[in-house]
Amino acid sequence: MKKDNSFARMGLAWVGLALTLAVGLGLSAGAAAAEYPNKDKPITLIVPFAAGGPTDRVARDLSEALRKSMGANVLVENDAGGPGGLIGASKLLRSTPDGYTLMVHHIAMGIFPSLVRNLPFKVETDFEYLGMINDVPMTLIGKPQLPANTYKELLAWVAANKGHINLANAGLASASQLCGMLWQASIQVDMTSVPYKGTAPAMTDLIGGQVDLMCDQTTSTTSQIEGKKVKAFGVTTLKRLNIPALKDLATLDELGDKGFQVTIWHGLYGPKGMPADVIAKINAGLKAALKDPEFLKKQEDLGAVVISDKRSDPAEHKKFVASEIARWSPVIKAANVYAD
Ligand code: ASP
């Protein structure tokens, strides 16, 4: 009887095809990593907030340093909107994990899971962690039309205007919202939250007097405070800042809000599934950028502290974000705030 071995032949053909594919894919992944970054293909840094704000400032300064350290064309793209920059973060996760679409994001990565219900991704597992960038203090600032000039006068004004005070922020799960929420809790006054797509448009309205107060990173407030476009009431670190523009600004802690402290950290992310060699190349480029004298000076002049510890390593970055998720979860639960 003639043995029909067509199944066996098909099996062999499949094995052959699979092997060809595996070798081909292996080679192309290796080749992609070997030629990364391709000088003709720009690397896009997604900023999940409006242009001209503090996250944008960090990303634009970093893009210049990365351009030098990676020998690549690095562009910044603003994809603002959603709680905590959800729109930009979701866009990153829809991109090809080839190292050409990355994201600069801040502390929202540590507060997303507790503030945003039905979060469409998992912060812990859906991103590639590429290293942390900096720590940035915040300042409590007010519209120039406010009658108060000191923190004491501000508290008196707040007491006299309860129920009529607008506190601007970049939306739920934003750094400004987190700081404002902690400050309201510390002085035990509820204010109306006015969300924007980033603190750059909020700053325009604050300067124009459409909103009363905001807590925002020094990477955007320093020049406005220096130019007397807004009133500054306190800084959110336990120690005063050692930069000319803000060295005389008292800490909220010394002004009576004992222990008040908020620092906003930024990190670099990619979508899950990037080749290991590409991650290593980006991380090496980031580490070199973090030592770039021009980047350091620009950031330090704005009160930011560029990461010089092991958190610039992807594994430590990931561990740090996990520790922040654990740290903020009880605070946010106690404040009973969330976004859908
Ligand atoms: N500072 C903003 C925030 O509150 C974000 C931004 O506009 O960069 O999260």
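The values are calculated or read from the model by the stated rules, or taken from the named source; none is laboratory data. Not measured: the values here are computed from a predicted model. So basically every Cβ, Gly included, is an ideal-geometry build from the backbone, and we count neighbours across all protein chains shown. When the accessible area is computed, the model is the full protein with side chains, heavy atoms only, and any ligands, DNA or RNA have been set aside. Shrake-Rupley method; radii C 1.70, N 1.55, O 1.52, S 1.80 Å.
So, in segment 71-88, of the ones that are open to solvent by less than 20 Å² (accessible area, probe 1.4 Å) and either in contact with a His (Cβ under 6 Å, 6 or more places away or on another chain) or within 13 Å of the ligand (Cβ to nearest atom) (or both), which residue ends up farthest from residue 276 (Cα to Cα)? Spell out how you get there, then give the answer.
Pass one, segment 71-88, residues open to solvent by less than 20 Å² (accessible area, probe 1.4 Å): 72, 74, 81, 84-85, 88.
From the residues that got through so far, the ones that are either in contact with a His (Cβ under 6 Å, 6 or more places away or on another chain) or within 13 Å of the ligand (Cβ to nearest atom) (or both) too are 81, 84-85, 88.
Values: 81: 31, 84: 28, 85: 27, 88: 23 Å.
Among residues in segment 71-88 that are open to solvent by less than 20 Å² (accessible area, probe 1.4 Å) and either in contact with a His (Cβ under 6 Å, 6 or more places away or on another chain) or within 13 Å of the ligand (Cβ to nearest atom) (or both), the one farthest from residue 276 (Cα to Cα) is 81.
Can you pull out the residues in segment 42-65 that are of a type outside the set (Val, Ile, Thr), open to solvent by less than 50 Å² (accessible area, probe 1.4 Å) and outside any loop (DSSP other than H, G, I, E, B)?
Here is the first cut: in segment 42-65, the ones of a type outside the set (Val, Ile, Thr) are 42, 45, 48-54, 56-57, 59-65.
With the extra rule that they be open to solvent by less than 50 Å² (accessible area, probe 1.4 Å), the set shrinks to 42, 45, 48-50, 53-54, 56, 59, 61-63, 65.
Once the filter is applied, which keeps residues that are of a type outside the set (Val, Ile, Thr), open to solvent by less than 50 Å² (accessible area, probe 1.4 Å) and outside any loop (DSSP other than H, G, I, E, B), segment 42-65 yields 45, 54, 56, 59, 61, 62, 63, 65.
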Among (1) under 22 Å from the mean Cα position of the chain (by Cα); (2) open to solvent by 20 Å² or more (accessible area, probe 1.4 Å); (3) modelled with pLDDT of 95 or more - the single one residue 199 does not satisfy: (2)
Identity of the residue in segment 170-188, open to solvent by 10 Å² or more (accessible area, probe 1.4 Å) and more than 8 Å from the ligand (Cβ to nearest atom), that ends up modelled with the lowest pLDDT: 172
Long-range neighbours under 6 Å by Cβ, at least six apart or interchain, first residue open to solvent by 10 Å² or more (accessible area, probe 1.4 Å) within segment 134-147, second part of a strand (DSSP E or B): 135/263; 135/265; 135/305
When residues of segment 310-340 are limited to those that are over 18 Å from the mean Cα position of the chain (by Cα) and of a type in the set (D, E, K, R), the one farthest from residue 61 (Cα to Cα): 333
Residue match in segment 230-240 (condition: of a type outside the set (Asp, Glu), within 17 Å of residue 146 (Cα to Cα) and within 16 Å of the ligand (Cβ to nearest atom)): yes
Count of segment 66-85 residues which are assigned to a loop (DSSP other than H, G, I, E, B) and over 18 Å from the mean Cα position of the chain (by Cα): 3
Any hit, segment 136-145, residues being farther than 26 Å from residue 274 by Cβ, touching a helix residue (DSSP H, G or I) at 6+ places or on another chain (Cβ under 8 Å) and of a type in the set (Lys, Arg): yes
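Any idea which residue in segment 224-239 is nearest to residue 137 (Cα to Cα), counting only those that are of a type in the set (Lys, Arg) and touching a helix residue (DSSP H, G or I) at 6+ places or on another chain (Cβ under 9 Å)? Break it down stepwise before answering.
Looking only at segment 224-239, we keep the residues that are of a type in the set (Lys, Arg), and these are 228-229, 231, 239.
Of the ones still in play, those that are also touching a helix residue (DSSP H, G or I) at 6+ places or on another chain (Cβ under 9 Å) are 229, 231.
Numbers: 229: 19, 231: 17 Å.
Among residues in segment 224-239 that are of a type in the set (Lys, Arg) and touching a helix residue (DSSP H, G or I) at 6+ places or on another chain (Cβ under 9 Å), the one nearest to residue 137 (Cα to Cα) is 231.
Test of understanding: among 294, 300, which residue is over 21 Å from residue 111 (Cβ atoms), open to solvent by 10 Å² or more (accessible area, probe 1.4 Å) and out of contact with any strand residue (DSSP E or B) (no Cβ under 9 Å at 6 or more places or on another chain)? So that I can check it myself, show each step before the final result.
On the way: 300 fails: out of contact with any strand residue (DSSP E or B) (no Cβ under 9 Å at 6 or more places or on another chain).
Selected residue: 294, the only one of 294, 300 that is over 21 Å from residue 111 (Cβ atoms), open to solvent by 10 Å² or more (accessible area, probe 1.4 Å) and out of contact with any strand residue (DSSP E or B) (no Cβ under 9 Å at 6 or more places or on another chain).
Scan 68, 122, 91, 39 and give me the residue that is open to solvent by 40 Å² or more (accessible area, probe 1.4 Å) and free of Cβ contacts under 8 Å to residues at least 12 places away in the same chain. Don't jump to the end; show me each part of the working.
Numbers: 68 fails: free of Cβ contacts under 8 Å to residues at least 12 places away in the same chain; 91 fails: free of Cβ contacts under 8 Å to residues at least 12 places away in the same chain; 39 fails: free of Cβ contacts under 8 Å to residues at least 12 places away in the same chain.
Step by step, each of 68, 122, 91, 39 is checked, and only 122 is open to solvent by 40 Å² or more (accessible area, probe 1.4 Å) and free of Cβ contacts under 8 Å to residues at least 12 places away in the same chain.
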Any hit, segment 307-327, residues being among the hydrophobic types (A, V, I, L, M, F, W, C), within 30 Å of residue 146 (Cβ to Cβ) and open to solvent by less than 40 Å² (accessible area, probe 1.4 Å): no
Residue check for residue 247: open to solvent by 30 Å² or more (accessible area, probe 1.4 Å), free of Cβ contacts under 8 Å to residues at least 60 places away in the same chain and of a type in the set (Lys, Arg): yes
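Out of segment 49-65, which residues are within 12 Å of the ligand (Cβ to nearest atom) and free of Cβ contacts under 8 Å to residues at least 60 places away in the same chain? First the steps, then the outcome.
Pass one, segment 49-65, residues within 12 Å of the ligand (Cβ to nearest atom): 49-60.
Correct list: 59, 60.
Free of Cβ contacts under 8 Å to residues at least 60 places away in the same chain and farther than 23 Å from residue 108 by Cα: does that describe residue 79? Outline the logic, then answer.
On the way: free of Cβ contacts under 8 Å to residues at least 60 places away in the same chain: yes; farther than 23 Å from residue 108 by Cα: no.
No; evaluated as a whole, the condition is false for this residue.
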Subset tally (residues that are at pLDDT below 95, hydrophobic (A, V, I, L, M, F, W, C) and within 16 Å of the ligand (Cβ to nearest atom)) for segment 98-123: 4
